[in-house]
1. Can we say ARG40 is surrounded by 13 or more Cβ atoms within 10 Å (Cβ to Cβ) and at positive phi?
2. I'm trying to understand the selection: among the residues of the range 36-59, which are of a type outside the set (Ser, Thr, Tyr) and closer than 17 Å to ARG15 by Cα?
3. When the residues of the range 27-72 are filtered to those that are farther than 21 Å from HIS17 by Cβ, of a type in the set (D, E, K, R) and not in a strand (DSSP E or B), which remaining residue is nearest to the chain's Cα centre (by Cα)?
4. Could you grab the pairs with beta carbons closer than 9 Å, sequence gap of 6+ or different chains, first residue in the range 73-84 and part of a strand (DSSP E or B), second one at pLDDT below 75 and not hydrophobic (A, V, I, L, M, F, W, C)?
5. If you go through the range 10-26, how many residues are surrounded by 18 or more Cβ atoms within 10 Å (Cβ to Cβ) and within 17 Å of PHE69 (Cα to Cα)?
6. Looking at the structure I just gave you, is CYS14 in a loop (DSSP other than H, G, I, E, B), in contact (Cβ under 8 Å) with a residue 40 or more places away in the chain and touching a strand residue (DSSP E or B) at 6+ places or on another chain (Cβ under 7 Å)?
Amino acid sequence: MTRKYVASRRCMMCRQHICTSVMLRFIRAKDGEIVFDRNRSLGLRGTWVCADGSCLSRIVNKGPFERVFRKPVIVDVECLKLSAR
């Protein structure tokens with residue numbers, strides 16, 4: 001019996017490996033703005049966050065994004081709040 005592959009990624013906040021179907025993907029656009037990648041298909045460098053409320057509530061600061069992308073970022077807090085819905 002063969003196993004079916006299930007894609008998993010590590011949450012940038014809690015550092016747990018979780019199936020991508022229950023995670024949110026954010027990318028850093030070329031102008032430095034953090035954008036929610038709804039379809040998980042944008043070709044830019046991205047990071048993953050649990051759809052869990054505790055992880056989402058901690059990403060409103062730009063510190064975690066700057067650590068992951070290693071570059072200055074622009075965070076629109078309203079955009080992040082809407083992505084959680």
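The values are calculated or read from the model by the stated rules, or taken from the named source; none is laboratory data. Keep in mind that this is a model prediction, so the values were computed, not measured. Here the Cβ is made from the backbone with ideal geometry for all residues, glycine too, and neighbour counts use every protein chain on show.
1. On the way: surrounded by 13 or more Cβ atoms within 10 Å (Cβ to Cβ): yes; at positive phi: yes.
Considered against the rule, which asks whether it is surrounded by 13 or more Cβ atoms within 10 Å (Cβ to Cβ) and at positive phi, ARG40 comes out as yes.
2. Within the range 36-59, the first condition is being of a type outside the set (Ser, Thr, Tyr), and the residues that meet it are 36-40, 42-46, 48-53, 55-56, 58-59.
Of everything in the range 36-59, those that are of a type outside the set (Ser, Thr, Tyr) and closer than 17 Å to ARG15 by Cα turn out to be GLY46, TRP48, VAL49, CYS50, ALA51, ASP52, GLY53, CYS55, LEU56, ARG58, ILE59.
3. So the residue we want is ARG38.
4. Between residues of the range 73-84 that are part of a strand (DSSP E or B) and residues that are at pLDDT below 75 and not hydrophobic (A, V, I, L, M, F, W, C), the close pairs are ILE74/LYS62.
5. Selection size over the range 10-26: 6.
6. Numbers: in a loop (DSSP other than H, G, I, E, B): yes; in contact (Cβ under 8 Å) with a residue 40 or more places away in the chain: yes; touching a strand residue (DSSP E or B) at 6+ places or on another chain (Cβ under 7 Å): yes.
It is true that CYS14 is in a loop (DSSP other than H, G, I, E, B), in contact (Cβ under 8 Å) with a residue 40 or more places away in the chain and touching a strand residue (DSSP E or B) at 6+ places or on another chain (Cβ under 7 Å).
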